[in-house]
1. Once the Cα gyration tensor of chain B is found, what semi-axes does its equivalent ellipsoid get, as square roots of 5 times the eigenvalues, in whole Å, sorted largest first?
2. Cα centroids of the range A:419-466 and the range A:760-820: how far apart, whole angstrom?
3. With angles folded into 0 to 90 degrees, how steeply does helix B:104-114 sit against the dominant principal axis of chain B? Use alpha carbons for both and round to 10.
4. Out of all DSSP beta bridges in the range A:533-711, what portion is antiparallel? Express it as a percent rounded to 5.
5. Given the alpha-carbon gyration tensor of the range A:533-711, what are the semi-axes of its equivalent ellipsoid in whole angstrom, ordered largest first, with each equal to the square root of 5 times an eigenvalue?
6. Sort A:489, A:697, A:253, A:470 so the one with the fewest other Cβ atoms within 10 Å of its own Cβ comes first.
7. What value, in deg cm²/dmol to 500, does the helix sum -39500 (n - 2.57) over DSSP H runs of n ≥ 4 give at 222 nm once divided by the residues of the protein assembly as shown?
8. With no solvent and one point on each alpha carbon, what is the Debye value of log10 I(q)/I(0) for the range A:426-542 at q = 0.17, 0.18, 0.19 Å⁻¹?
């Protein structure tokens, strides 16, 4: 054993046992464990979901050198022979890739129902429909195609292979009929066989068809979603990519196969980043609990540390000894957190899915995998947070003058520099709010929130001193004692406040943000759903409403007018998901609103848009953020390989699509594309017409083949708000954890202070104070400190909420929202925290009122 | 002394719990007349602090009776003991134990306020007491701003604020230098005398003990007259 390690051991032994009640150490461990667990769980879940989605996206074609794609709507199959004959390309494999509802017509269901009424058999499930030319696909990736016997059957007419997961979901077996619900009823295939899951691909649901049948069944005649390309030997990828890209029609891109997965991952990236940051804030709160605990533990052992220094122990030895205590807390907490986080992730993936209910990854089933780098990262982060929490107290203990440390208990006053630094950090945070997103993520916004929070924490001692100093002197003895005592111990009081301020700030910020978002969404839904009935369907042409059907809908008794809407996908950038091109009847004749315009002109019939030398377009806010589109700009969109030139007349708010949407007049769209179909239609009824009754009538009188989905706006609105609430469920869990950590913090702070003030309470007992009076004094102090913490936390949370609304959300999701302060919820939060924190202070105070208090009076000062 | 007893203790016993629990008070008897001032000496661990805690109503004896001005303390519950302590008993400690964040005046007024005396009245009484201990000018000073002797004079004033029948002084000069210590004891004696209060002084210092009317020694759990006593 070396001399220095022996010395260190002796220093640690001398300091051991003086940290305070073991319960506070346990609280610190728990806080770190909870923060680490949340962070690890959120990352494990996100990682599993993204990996699974990307793997599923690349399952057929992942081995290709390049992939030609154009988003969901795909492109003309005429491109395929051109590409196949391009020099440098050895093999081109056409792919149809759609998500369609399917239903099994036989199996157990047929046995039960006799399959007399197909609508009652088998569950309807959205399943990925993959169409491959298996012979060509085998040349690109032999491992991805089915075994030869199944491949042969796939080439027979009307045959489909199901993955094991899809067969289970549909309750289908080999030989059963399989109906594709997007097509007409005659589109019934036969399940030729069930594919065994490839390694690591369990849980992926898909139906595999020959590419031609897939086109027919999926209503994609003449269209492909993708062409996978294998290059000829010696052909350089970049050279061919550049050459082919130039020859491709507008909106069709050639790139590496993982690009599709990247685009999909981009969809949810901001959501995932937000969850991670929330979890890290919980960890940050835990670090503050360690800071509070360790600062008070150091204060308790001040004389002991002074004695050690007087006996010759060096500064760095004190520093290391105290840091090693936090290291133990951190390692234990982070280890527990990693174990807990792993369990939570496994459970949540099973229970809620990879997107925790947000709806980003529907259709894929993520599986839990033990991601060691993520676990190691959070083990280090948790431990690092605990160590960071002890840096300041350890440094203060080490640099304290032994002579002073040996004398009286520290009565620190806030250092002016600390307050200045706090103010400066808040100012820099304010500046960062004006910075743009980095790599599509609102990193400056997150930094601004961190600086705002740290700035407030640094200002806490000064704020505490100023606020307590300005309170009027109470006339009654207990409030007077409480206030006078707190004024004298404003620094310790500020320490107790720190965790509660962080916790309340986080929760208040989320309440403000979620409240604003929800109300804005509700207002927006009211605005964009002005019609009486909405129609979506899958008619003879799959998934779309034909002109004849639209005319019949308009001719129905009670219908005053119809607004048909066609949505196409256009790919503008390789690294971003497609933009929605929405063609609808403009100007808006049947409603005054219908489009939540935030800038520019409104497409209103009474005030037609002016100054459009090209067809007018209204772009969503995401177009402004991602493509820098402004009112008055010319916009060129690729439509079926042709450029569609538009003039931007206005900007609108779109909570449905976060990567951009462009609204144009349906007449302009039809003129360019010739497409007269519609995806949706809005029906406006004559006064006095009962929407519910009309829906019932339409469902029986219209062609049953049309299979229309009809809904009133209130149903759509309720469903949308339900999805919204579900997507924020996980944030409520994070908030609850932050609040618990905050309460642990105030409990730890007060408990330590009561222990440190045993002598004071003992003196009060000698002076005739009853136990009730002393508890009343502690309760008053707890309430006063908590009220201050809650107030500062609410104000700070309001500020952070604004940053979340104006900066983080805008940069993450590219939509604006109006500020709505949920006063009731904030008041309830404040009252709840005040009551809970006062109770925590009282509970922790019981330690200090025993025989120790009397003994402390007998001890020498 | 001929006056009615202020404090009557009979057969007081106290043994601490545990396998090797020591009997620190063993049938202790004491009678203190009103206005009498008695010093108790004894070796460390002889039970002096235990006796003060029991007399202050902070610790219960195992057996025996204690009557303060005829009130049977041994029969009182915790609330009764607290009330009695608040109104009839004063304490002076070796380490002064003024509350550091309260001014001298507020420290003295505190026991009165805890007993429900209105703030203004309590502060007026505290100021009057500060005048009596010659600290009228330092009423608003915090304990940290006072010298050791001044702090202990404030502590004496606090012990007398509620006109107690009995003041329990536990090594009140232990943290003071010799001269100042004696002046504080003289002050305590004078103030007690002027109010007709009784005092029980626990000390290691014979010189301090000599300021009392009589000196007793606590030994083997009982009080015995100090053999060197002359008066």
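1. Working: eigenvalues 165, 82, 55 Å².
Taking √(5λ) for each Cα gyration eigenvalue gives 29, 20, 17 Å.
2. 19 Å
3. Approximately 60 degrees, to the nearest 10.
4. Of all bridge pairs located within the range A:533-711, approximately 75 percent are antiparallel.
5. Working: eigenvalues 177, 68, 40 Å².
For the range A:533-711, the semi-axes come out at 30, 19, 14 Å.
6. With the fewest neighbours first, A:489, A:697, A:253, A:470 line up as A:470, A:697, A:253, A:489.
7. That comes out to -16500 deg cm²/dmol.
8. Result of the Debye calculation: -0.99, -1.03, -1.07.
Read the figures in this text as sums done on the coordinates, not as results from a lab. Just so you know, these numbers come straight off a predicted model, no measurement behind them. All Cβ positions, glycine included, derive from the backbone under ideal geometry; neighbour counts span all protein chains shown.
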